[in-house]
Each structure stands twice: as structure tokens, then as C-alpha cells.
Amino acid sequence: MSEQHSHHPNYVKIWAILVLLLAVSVIGPMLEIQAVTLVTAFGVACVKAYLVAKNFMHIGGAARYVTYLVATCLMFMLLFFAGTAPDVMRPDGTNWVKPGWVEVDIEGDLDPLEGHH
């Protein structure tokens, strides 16, 4: 007797949601509104990561410690970013050499969207 393996009933639905969120994350920056761009870039990315982890990686069905491990890794990543960002994201400083492809706006003269349409 041949057993048929059925797919998770939500795979196609989750895939469709991910494609829709991809479209939102591509269209959002085209509106050239900074708040919309930030929400579509980071908000949609978080929702997509959650959907993939929950439905395709089956994190919800794993042992409880796996969820704690993933959450702990994310917290350490955010802690690392918070600790290094003030130094790394500065446009000037001691022993800091500006690469040729970086435009530094120390005076506030440059429009951040100028030339990037």
C-alpha cells in the first residue's frame, strides 16, 4: 500500500503571503516617504522571518529550549549592534579613513535622497 505524504496545508498560503510582503517591501521605498520605507523594510522583514521560522523551519514544533536559544541569539545580536553602532556609524574620528564611495554629510548640506531616485 502506498502512503501519500501530504504537505502542510498552509505552505501555499504562507508562500502567497511571503510574495505579497515582498511586493510591499519593494513598492514601499518607491513612495519616497522615509517612515513608510522604514516600516516596509524592517517591519515586513520581521514578519517574513517569523513566518519562515514558524512554518518552514518548524520552530514552534521544536523543543522549548530551541525557541529560547533562537531568542537568546537574537538578543545577543541586538546587544552587539547597540554596542558597536555608535563607533562604526560615525562619519569621522581618530584613525578613521573615509572610503571613496562614502559621502559624509557633516554640515547637513546633502539631501539623503538626492541622486538616488
If R₀ is 41 angstrom, what is the calculated FRET efficiency for the pair D92 and N10, using the beta carbon separation as r and rounding to 0.05?
0.25
Please find the FRET efficiency linking Y68 to I27, where r is the Cβ-Cβ separation and R0 is fixed at 41 Å, and quote it to the nearest 0.05.
0.70
Using 0.36 nm times the number of residues separating L79 and V19, minus their current alpha carbon distance, what extension gain do you get?
18.5 nm
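Just so you know, all these numbers are worked out from the coordinates, no wet-lab data involved. Not measured: the values here are computed from a predicted model. Cβ atoms come from the backbone with ideal geometry, glycine included; neighbour counts cover every protein chain shown.
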